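Notes for the one structure printed next.
Each value in this text was obtained by applying a stated rule to the coordinates, not by laboratory testing. Just so it is clear, the model here is predicted, and its values are computed rather than measured. All Cβ positions, glycine included, derive from the backbone under ideal geometry; neighbour counts span all protein chains shown.
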Amino acid sequence: MSDKKRILSGMQPTSPRLHIGNYEGALRNWVELQKTYKLYCCVVDWHALTTMAEDPNQIALNSREVAKDYVAAGIDPSETVVFIQSHVKEHAELHLLLSMVTPLGWLERVPTFKEKQQTVGAERESYGLLGYPVLQAADILLYKPYGVPVGRDQAPHLEISREIARRFNRLYGEVFPEFVNLIPEDESRAKLPGLDADDEGVLRKMSKSYDNCIYLNETPEETAQKIMGAFTTPSKMRKTDPGIPEGCAVCQFLRIYSPQWQTQWQEDREGVRGCMQNKKELIEALNETLRPIRDRRAAISDDDIEAILAAGAVKAREFAACTMDDVREAMGLR
Ligand code: TYM
C-alpha cells in the first residue's frame, strides 16, 4: 500500500453529467491533490438513492457517466482509486455501526436535511434520507483520510462526520484520526454561482435542481446559448450604464475564466463595455477551458470505464476491509 497520506471525496450520480460547480468546487482540486496524496474518489450511488429510490433505474448508468467525467477532468486512474460506493459493501457496514452512535438530534439539525425534506415532500421522507450524513461519515472514515476536498456546501456534512468519529473514538478507543476540510480558498470557486438569480435578484449556487448549470459534457454551442441568457446587472440596460460585477453572473465567471477579468470588471463598472461583449468573451474563455476535458471525455469508452471501476473497487475494498477489522475489534464484535 502507498505511503502517501490519503484523501477521499465523492459525488452523487443524480444526473449523468457533472456541472462546472462540481468541477470548480471539488474536481479541479482533486486533480491537483492526486499528485501529492493517495486519492480515493467515489461515485456515491447509495446517496443518490436517498432522493431517487422510487426511480432508481438511471443510477447505474449515471454512475458510469460521472466516473467518465472524473477521468476526463484529469483524474489519473493508474494513481487514483476511482470506484462506485455500492461496490464496496464496507460502506454499508460502517454506516450501520456509526448509526448506533449518532444521536437523532444531530441529524435533524443538519441544514441539508431540512432543505431536502421540502424537496422530496413529507410522504417520501425516508429513514435513509435522515441518515444521509451517517453514510457520508462512513465513506470518509473508512479511508482514515488526512483531508476531504469538497465545495463549501459540504462543510456541515464534514462537521457532523467529525462529530460522529469523535463520539466513536470516545466510546471504543481511537480508531479514526481527525481530518481537515479541503475547500477552495477562492470563495467564487468554493460556491460557484449559477447562470440565474433568485427572486430578489441575488446570485445563488449552481445546482442541478435550479436548472442553472453549465455541464462539463455539453457542446460549445449549448454553453454559448446558456451564457447569452445569463443573469447580468438588471439596471444595466445600455452599454453606458454602470454595471455591478459582484452581482452579475457573467462577471463572476469572467473572474474565474478570463485572465483579463480585472480590466473587464472595471470597464463594466464604468459603463465603457456592455454585457454582450462580456458574454462573448466569456463564451470564448470558458469553451477554451473546457475543450480538453470534452475532448478527453469523447475518447473514454464504456469498456474503459468499467475496467477502471472494477480495479478501483478492489483497491478501495483492500483499505476499507482493514478499517473494518479495526472497527469490529474496537467494538468487540467478533
Ligand atoms: P454533490 O454530489 O452534491 O456535489 C459534489 C461536489 O461538488 C461540490 N459542488 C459545488 N462546489 C462549488 N460550487 C457549486 N455550485 C457546487 N455544487 C456542488 C460539492 O460541494 C461537492 O464537493 N454529500 C456529497 C457527496 C458525498 C461526499 C461523501 C463528499 C457523499 N459522501 C464523502 C465527500 C466525502 C454531495 O452531495 O455532493
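Just a few scattered comments:
- Amide hydrogen neighbours beyond the local backbone of Ile244, cut-off 5 Å, H modeled: Thr233
- Ranked by how many other beta carbons lie within 10 Å on average, peptides 31-38, 67-74 from highest: 67-74, 31-38
- Furthest towards positive pole of dipole, Phe168, Pro156, Leu129, structure part the chain, Cβ charges: Phe168
- Once the mean of 1/r is taken over each pair of separate Cα atoms and inverted, the stretch 1-108 shows a Kirkwood hydrodynamic radius of 15.0 Å.
- With respect to the chain, whose longest principal axis is taken over its alpha-carbon atoms, helix 59-72 is tilted by about 70°.
- Whole-Hz Karplus values for the stretch 126-132 come out as 9, 4, x, 5, 4, x, 3 Hz, taken residue by residue from phi with 6.51 cos²θ - 1.76 cosθ + 1.60 and θ = phi - 60°; glycine and proline positions read x.
- In the stretch 191-295, taking the dipole from charged Cβ atoms about the Cα centre, the farthest positive-side position among Ala224, Pro234, Trp265 is held by Trp265.
- Note on Glu246 and Lys89: the model spin-label points, each 7 Å out from Cα along the C-beta direction, lie 5.5 nm apart.
- When the chain is described by a simple charge dipole with +1 on each Lys and Arg Cβ and -1 on each Asp and Glu Cβ, the residue from Ser63, Asn278, Ile214 located farthest towards its positive end is Asn278.
- The chain: calculated mean residue ellipticity at 222 nm from DSSP helix runs of at least 4, using -39500 (n - 2.57): -15500 deg cm²/dmol
- Centre separation in Å (Cα based) which lies between the stretch 242-276 and the stretch 77-139: 40
- Protection proxy ranking of 51-62, 241-252 - average other beta-carbon atoms within 10 Å, highest first: 241-252, 51-62
- In order through the stretch 196-212: 3J(HN,Hα) via Karplus (6.51 cos²θ - 1.76 cosθ + 1.60), integer Hz, x for Gly, Pro: 10, 9, 7, 4, 8, x, 9, 4, 10, 5, 5, 7, 4, 5, 8, 6, 10
- 3J(HN,Hα) along the stretch 276-288: 5, 5, 4, 5, 4, 5, 5, 4, 4, 5, 5, 4, 5 Hz, from the Karplus curve 6.51 cos²θ - 1.76 cosθ + 1.60 with θ = phi - 60°, whole Hz, x for Gly and Pro.
- Taking all Cα pairs closer than 8 Å and separated by 6 or more residues, the relative contact order of the stretch 19-173 comes to 28 percent.
- The chain, dipole about Cα centre (Lys/Arg Cβ +1, Asp/Glu Cβ -1), debye to the nearest 20: 480
- For Val82, distant residues with modelled amide H under 5 Å away: Cys41, Gly312
- Debye log10 I(q)/I(0) at q = 0.12, 0.15, 0.25 Å⁻¹ for the stretch 191-295, Cα point scatterers: -0.37, -0.58, -1.46
- Additional length obtainable on full extension of the chain from Arg328 to Tyr210, 0.36 nm per residue less Cα span: 38.2 nm
- Share of Cα-Cα pairs in the chain lying beyond 27 Å, as whole percent: 48
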